[in-house]
Amino acid sequence: MTSPSEWSASDRSSLLRSLRRADRVVVKIGSAVLTDDHGRLDPKILKHLATQIAPLANALQWPTVVSSGAIAVGIGVLRLDQRPRTMAGLQAAAAVGQSKLMETWSQAFGRYQLPVAQMLLTHADLAHRQRFLNARRALGELERQKSISIINENDSVSFEEIAFGDNDELAAQVTNLIDAPLLIMLSSAPGVLDDANQRIQASPAYHPRLDEVAKPVTSLVGRGGMVSKLRAARMACDRGAHVAILPGKTPNVLEAFFAGEDIGTILIPDEARRSLKSRAHWIAHTLRPNGQLYVDAGAKEALLHHGRSLLSKGIVRFEGEFSEGDSVEVVGIDEPSVPLARGLVRYGTATLQEILNTSLGATPKQSSALSRQDAVIHRDDLVLLTASG
């Protein structure tokens, strides 16, 4: 992990010169940044941020904003004493607060003759491939029309089992959606702090010590925390993007960052990891696996070092309930706690069980159609989660 003494001014200046040329920038703003000490929306902070984001809207680049805050705003509008504890209560607060949040953003960017567009997404929207592509086309057209997209999770219809849980992950998904080389996450924290409570200036996103120093959420209005931000940063870095975690309430923070000042933490894609293409990133990080396939040493070797499809003969057993085309996780039988890959399975659980039964002498119902040589996950539908070494 890069320490302050190892991270020189020239290193940072060189990196920032390249980041300043990013043609698309995703700016994620957490609830804790947008609200005051009482958890109410602070329009002054929002307007100040719009003032810093507006210059990014130019002929060479374009910003997309992922904005939290709808529930916090709704709590204020409804004059609630505390954050609702039920899903219905949170949904109601979000429904009331979202329109007010958008109104405030519209007024803030309107000072710079920049129209804003609202896009509300759920995990189910992005996990559905056609809706994912529809959202990509819509955002592309909004950029062509010179409109600032304000994206938020659709909290008014989300359920616990499909919700992103925080907008950190949503921001990483949007980074892939629009193919942005830079994700800026504005936080209540000064950056990532090490175990001595000193700010880490820069680090490879996959440095193991980051997990040791990450702090859980402490905000009354946020749902993320540094653990969530690091998880999202790794998703974005897997696409080849850089991620900057900056103190959102610091005056002129974006201007300072792009001017090369020593502020926040920059997380850098690991050069040893190959940047995922958009569809591969979607398989690895957007879809949620419905089961696990446990593979033997031969299959593990074929996947990690030879770029092969996963054949049914390499599967020892499986868990979960899945259908053809669902996402599943692949793990080694020797090290089941470390995921090897994710992919789109070609068989549902019943059919796969028939295939596996052939090795035990059982007679499958569709013996003519089933073979232990069948590719259960084709290599085009499989994404490694660990470096192949």
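The values are calculated or read from the model by the stated rules, or taken from the named source; none is laboratory data. Just so we're clear, the structure is a prediction, and the values are computed from it rather than from any experiment. A quick note on method: Cβ atoms are made from the backbone with ideal geometry, for glycine too, and the neighbour counts reach across all protein chains shown.
Could you give every pair whose Cβ atoms fall below 8 Å, whose first residue belongs to the range 371-389 and is within 22 Å of HIS281 (Cβ to Cβ), and whose second residue is at pLDDT below 80 and surrounded by fewer than 17 Cβ atoms within 10 Å (Cβ to Cβ), counting only separations of at least 6 or pairs across chains?
Between residues of the range 371-389 that are within 22 Å of HIS281 (Cβ to Cβ) and residues that are at pLDDT below 80 and surrounded by fewer than 17 Cβ atoms within 10 Å (Cβ to Cβ), the close pairs are ALA387/ALA272.
Out of the residues in the range 53-72 that are part of a helix (DSSP H, G or I) and modelled with pLDDT of 90 or more, state the one that is nearest to GLY30 (Cα to Cα).
First, the residues of the range 53-72 that are part of a helix (DSSP H, G or I): 53-56, 70-72.
Still in the list and also modelled with pLDDT of 90 or more: 53-56, 70.
On the way: ILE53: 15, ALA54: 18, PRO55: 21, LEU56: 19, ALA70: 11 Å.
So, considering only residues that are part of a helix (DSSP H, G or I) and modelled with pLDDT of 90 or more, the one nearest to GLY30 (Cα to Cα) is ALA70.
Here is a check on your reading of the model: is VAL33 surrounded by 19 or more Cβ atoms within 10 Å (Cβ to Cβ), assigned by TED's automatic domain parsing to the domain that holds GLY140 and part of a strand (DSSP E or B)?
Against the criterion (surrounded by 19 or more Cβ atoms within 10 Å (Cβ to Cβ), assigned by TED's automatic domain parsing to the domain that holds GLY140 and part of a strand (DSSP E or B)), VAL33 does not qualify.
Just wondering, is there one or more residues in the range 210-225 that are touching a helix residue (DSSP H, G or I) at 6+ places or on another chain (Cβ under 7 Å), buried (at least 22 other Cβ atoms within 10 Å of the Cβ) and modelled with pLDDT of 85 or more?
yes
Could you tell me how many of the residues in the range 282-296 are touching a residue at least 60 places away in the same chain (Cβ under 8 Å) and β-branched (Val, Ile, Thr)?
The qualifying residues number 2.
Looking at the range 265-281, which of its residues are closer than 24 Å to ILE245 by Cβ and touching a residue at least 24 places away in the same chain (Cβ under 8 Å)?
Hits for the range 265-281 are THR265, ILE266, LEU267, ILE268, PRO269, ASP270, ALA272, ARG273, SER275, LEU276, SER278, HIS281.
Right, ARG20: in the same structural domain as GLY260 (by TED's automatic domain parsing), surrounded by fewer than 22 Cβ atoms within 10 Å (Cβ to Cβ), under 14 Å from ALA244 (Cβ atoms) and not polar (S, T, N, Q) or not?
So ARG20 passes the test.
Restricting attention to the range 91-133, report how many residues are among the polar types (S, T, N, Q) and crowded, with 18+ Cβ neighbours inside 10 Å.
The total comes to 4.
Could you tell me whether ALA93 is more than 24 Å from ILE184 (Cβ to Cβ), at pLDDT below 95 and in contact with a helix residue (DSSP H, G or I) (Cβ under 6 Å, 6 or more places away or on another chain)?
In short, yes.
If you take the residues in the range 172-214 that are of a type in the set (Gly, Ala, Ser) and without any contact (Cβ under 8 Å) to a residue 40 or more places away in the chain, which one is nearest to ARG239 (Cα to Cα)? Please lay out each step first, then the result.
First pass over the range 172-214, keeping only residues of a type in the set (Gly, Ala, Ser): 172, 180, 187-189, 191, 196, 202-203, 205, 214.
From what is left, the residues that are without any contact (Cβ under 8 Å) to a residue 40 or more places away in the chain are 196, 214.
Numbers: ALA196: 31, ALA214: 22 Å.
Per the stated criteria, the residue is ALA214.
Residues being more than 18 Å from HIS285 (Cβ to Cβ) and either among the hydroxyl-bearing types (Ser, Thr, Tyr) or surrounded by fewer than 23 Cβ atoms within 10 Å (Cβ to Cβ) (or both): count how many of those fall in the range 227-245. Working first, answer last.
As a first pass, look at the range 227-245 and keep what is more than 18 Å from HIS285 (Cβ to Cβ): 244-245.
From what's left, either among the hydroxyl-bearing types (Ser, Thr, Tyr) or surrounded by fewer than 23 Cβ atoms within 10 Å (Cβ to Cβ) (or both): none.
Within the range 227-245, residues that are more than 18 Å from HIS285 (Cβ to Cβ) and either among the hydroxyl-bearing types (Ser, Thr, Tyr) or surrounded by fewer than 23 Cβ atoms within 10 Å (Cβ to Cβ) (or both) number 0.
So GLU301 clears everything in (1) out of contact with any helix residue (DSSP H, G or I) (no Cβ under 6 Å at 6 or more places or on another chain); (2) buried (at least 18 other Cβ atoms within 10 Å of the Cβ); (3) not in a loop (DSSP other than H, G, I, E, B) except one condition, right? Which one?
With (1) out of contact with any helix residue (DSSP H, G or I) (no Cβ under 6 Å at 6 or more places or on another chain); (2) buried (at least 18 other Cβ atoms within 10 Å of the Cβ); (3) not in a loop (DSSP other than H, G, I, E, B) applied to GLU301, the lone miss is (2).
Across the range 317-356, what is the total count of residues that are within 17 Å of LEU382 (Cα to Cα) and part of a strand (DSSP E or B)?
Adding up the residues that qualify gives 14.
Could you run through the range 73-90 and say how many residues are surrounded by fewer than 18 Cβ atoms within 10 Å (Cβ to Cβ) and either small (Gly, Ala, Ser) or in a loop (DSSP other than H, G, I, E, B) (or both)?
Looking only at that region, the number is 11.
For the subset of the range 269-298 comprising residues that are surrounded by fewer than 17 Cβ atoms within 10 Å (Cβ to Cβ) and of a type in the set (Lys, Arg), which member is modelled with the lowest pLDDT?
Selected residue: ARG274.
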